[in-house]
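Values in this text are rule-based calculations from the coordinates and carry no lab data. It should be emphasised that the depicted structure is a prediction, and the values quoted were computed from it without experimental measurement. Glycine gets a Cβ as well: all are built from the backbone with ideal geometry, and neighbour counts include every protein chain shown.
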Amino acid sequence: MVFSSLVFIYLFLPISLIFYFISKNRTYRNSILIILSLAFYAWGEPVWVSIMLFSGIIDYFHGLIAEKYRGKWQSKAALVSSITINLLILISFKYMGFIIENIEYITKVSIPYDGFNLPIGISFYTFQTISYVVDVYRGEVEAQKSPFKLLLFVSLFHQLVAGPIVRYKDIAQEIDNRIITQDTFSQGVNRFLIGLGKKVVIANNVGGISELFLKTELTELSILGAWLGILLFALQIYFDFSGYSDMAIGLGKMFGFNYRENFDYPYIAKSAKEFWRRWHMSLGTFFRDYVYIPLGGNRKNKTLNLLIVWFLTGLWHGASWNFIAWGIYYFVFILLENIILSKVFNKIPAVFSHIYLVIVVIIGWVFFYFTDLFYGLGYLGIMFGQGGNPLIDTFFEINLINNLYIILVAIIGCTPVLKTLEKYIREALSQQTKLYTSYYQIVRPIINFTILAVATVLLIETTYNPFLYFRF
């Protein structure tokens, strides 16, 4: 089940809210959330619920041991055991086929292997349970004594299948003591609908246009068509993933949980380093806190530590060489920025560093999109004029003109322009109580209803609109 589906919006979510708010008893609400979360996850893949449950139960005991024997070898053994078991599960389901494929290529020996379907969300909840045990081991949080409360943390359907990566210490207090007011619930609804609009109205539409170019034979693609195709994919993946994060954060607020932000307008960044401080922030901070700093961070072997982090960042996104190349690609640019580029950017107008970042990111998405690395390199060649393809053709002109409005909306939407405008209006209205009240009681509900109505119509017309990060 996905958030951007009619079943979720008009059936699962209303039923969930009704059952959740029937009682204010915390034990009842936690139990309902667990049941709802397991039902949500089992909707499409019931068999894989067992993997998530196993991971949660194993790390419940690991956490208890890590706390009880903190400072002793048993605690470290529990930490190592947790990391090992969780990574083995992740490798078995996500990377084993990739490993065997490369072994076969090197040895020229065929290895019988049927493989598994990738359990949705395994990359996210695996990292969450690992972070829980690590934080208990470090003494940053107390071990959860109730297995059901830890299961609630692991299985919360708001962020279960595509993040953001939520750390136990961020919501530990809210598991036992959640405060839901009319205002926070309203904020949750607003945020959910913003995410729904991002996904259904913008991401799905620009994604459909981008595929017209990205799936065209390279020999039939114009140079500007190649650039437009990957630019539209850049917009699609931003609105798709940030839309999901908005919906997850909004759902969390409806049920009393406050999740950290996962995106902060990454396309306005002026360097690759800044881009990754704004893009998928929960993943970036995970690798920083649990890989980069423990390896030595900036203190020793900085370059090697950076390489390891970006290799793992690429690999986390998928079991394919193109994702590894994508991770190494960012390692190279961040390393160059650390050595020399940052000094150059400080001496030139900011617009040039921003143009640099946009070009770097757009090229990077080519590596990300094409799982066939050599085909992706061929696409890059077209972008830079190799192959003798025309600069522009009728196909490019027609699709650009016919879809210019949605492209402009998407470009404006990935900047803080609308947020800044709303803030300005809100501050102006706050000086006049009646207008301020009218905005939140009349205007905002109208905006929300419009988004919901448009999204509903679009969802009725489509049968397939999964979130891109479901496959990771």
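Odds and ends about this structure:
- Over all directions, the projected convex hull of the C-alpha atoms in region 184-417 averages 14.4 nm² in area.
- Using a Förster distance of 35 Å, the FRET efficiency for Ser110-Thr84 (Cβ separation, nearest 0.05): 0.75
- Kirkwood Rh in Å, taken over region 6-178 so that all alpha-carbon pairs contribute: 17.6
- Summarising the label geometry, the points placed 7 Å from Cα in the beta-carbon direction at Ile91 and Glu461 lie 4.8 nm from one another.
- Evaluating 6.51 cos²θ - 1.76 cosθ + 1.60 at θ = phi - 60° for every residue in region 409-418, the Karplus couplings come out as 4, 5, 5, 5, x, 8, 10, x, 4, 5 Hz, glycine and proline recorded as x.
- When the Cα positions of Gly388, Leu79, Ala350 are compared along the charge dipole of the chain, Leu79 comes out farthest toward the positive end, with charges on each C-beta of Lys, Arg, Asp and Glu.
- If you take the Cα centroid of region 182-208 and the Cα centroid of region 315-390, the two points sit 29 Å apart.
- For the chain, the relative contact order is 18 percent, taking Cα pairs closer than 8 Å that sit 6 or more residues apart in sequence and dividing their mean separation by the residue count.
- The order of Asp289, Asp135, Asp114, going from fewest to most other C-beta atoms within 10 Å of their C-beta, is Asp114, Asp289, Asp135.
- Percent of C-alpha pairs per 10 Å bin in the chain, short distances first: 4, 17, 27, 28, 17, 6, 1, 0.
- Zero-based 5 Å bins, Cα pair distances in region 29-86, whole percents: 4, 19, 19, 17, 13, 13, 10, 4, 1
- Region 218-292 versus region 23-74: alpha-carbon centroid distance in Å: 28
- About its Cα centre, the dipole of region 184-417 is roughly 1100 debye, where the only charges are +1 on Lys and Arg Cβ and -1 on Asp and Glu Cβ.
- If R0 is taken as 35 Å, the Cβ-Cβ distance between Val47 and Lys423 corresponds to a FRET efficiency of 0.15.
- In Hz, Karplus ³J(HN,Hα) per residue of region 284-295 (6.51, -1.76, 1.60; θ = phi - 60°; x = Gly, Pro): x, 5, 4, 5, 5, 7, 10, 10, 4, 5, x, 6
- Links that overshoot a 19 Å alpha carbon limit, given the list Lys94/Lys302; Lys94/Lys199; Lys24/Lys253; Lys68/Lys145; Lys273/Lys302: Lys94/Lys302; Lys94/Lys199
- Computed lengthening from Asp393 to Thr415, 0.36 nm per intervening residue step minus Cα-Cα distance: 4.9 nm
- With the convex hull of the Cα atoms taken as the outline of region 131-202, the averaged projected area works out to 6.0 nm².
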